[in-house]
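What follows is calculated from the coordinates using simple rules that are stated; it is not laboratory data. Here the structure is a predicted model, which means the values were calculated and not measured. For neighbour counting, all protein chains shown are included, and Cβ atoms are generated from backbone atoms with ideal geometry for every residue, glycine included.
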Amino acid sequence: MKLASIDVGLKRIGVAICLDESIVIPQNAILRKNRNQAARDVNTFLKEWEIEKLIVGLPKDAKSAEEMERRIKHFVSLLELDIPVAYQDEQSSSIEAKELTMGVFKHKKDGKIDSIAAKIILERWLKY
């Protein structure tokens with residue numbers, strides 16, 4: 001089953017894929033100008049890769065978890081999905097992504113960290 005995960009942020013959406021249910025590969029992040037453009041770009045990505053299930057990171061136990069969950073679920077509702085969606089706890093995935101890449105590349109706001117966070121989210125989902 002071809003899987004993808006997204007880490008939805010206000011400026012960037014991290015993206016990762018898994019085509020064989022074992023190896024997860026981060027992809028280029030989607031830069032978000034507005035939610036409709038971002039939803040179109042995510043839809044295009046999912047169709048191009050023929051993704052069969054989408055895993056979406058959701059914050060749990062964070063200070064603003066309820067507000068972020070509402071925003072993320074609203075964003076997912078904008079997607080034109082005819083595939084199943086599952087939600088996975090994303091807690092500390094961005095921090096973990098930054099720690100994993102310390103010294104590997106400069107931490108710019110280009111979306112690399114966001115896509116590595118999406119990779120971590122998908123790997124967590126695959127474990128359960």
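What FRET efficiency comes out for Ile25 versus Lys127 if R0 is 22 angstrom and r is the Cβ-Cβ distance? Round to the nearest 0.05. List each step's numbers first, then the result.
Working: r = 17 Å, r/R0 = 0.77.
Efficiency, rounded to the nearest 0.05: 0.85.
Expressed as a rounded percentage, what relative contact order does the range 3-127 have, with Cα pairs under 8 Å and six or more residues apart?
Working: 222 pairs, mean separation 46.2, N = 125.
That works out to 37 percent.
Hey, got the Cα dimensions of the chain along the principal axes, in Å, largest first?
39, 33, 28 Å, listed from the longest principal axis down.
Anyone know which of Lys63, Lys53, Lys112 comes out most mobile in the 10 Å Cα GNM of the chain?
Fluctuation is largest for Lys63.
Which value, in debye to the nearest 20, describes the size of the charge dipole of the chain about its Cα centre when Lys and Arg Cβ atoms bear +1, Asp and Glu Cβ atoms bear -1, and nothing else is charged?
Roughly 600 debye, rounded to the nearest 20.
What distance in nm lies between label points placed 7 Å from Cα along the C-beta direction at Arg70 and Asn34?
With each label point 7 Å from Cα toward Cβ, the separation is 2.2 nm.
Just list whichever of Lys53/Lys127; Lys11/Lys33; Lys2/Lys127; Lys2/Lys33; Lys53/Lys73 have alpha carbons separated by over 18 Å in the model shown.
Those over the limit are Lys2/Lys33.
Which residues' amide hydrogens lie under 5 Å from the amide hydrogen of Tyr87, considering only partners 5 or more residues apart or on another chain, with H built in the peptide plane?
Here Val56 satisfy the definition.
So which DSSP H runs in the chain come out at 18 Å plus along the axis (Cα) with average Kyte-Doolittle of at least 0.0?
The qualifying helices are 112-127.
Which of Leu31, Ile6, Cys18 sits closest to the plus end of the dipole of the chain, meaning its Cα is farthest towards the positive end, when Lys and Arg get +1 and Asp and Glu get -1 on the C-beta?
Leu31
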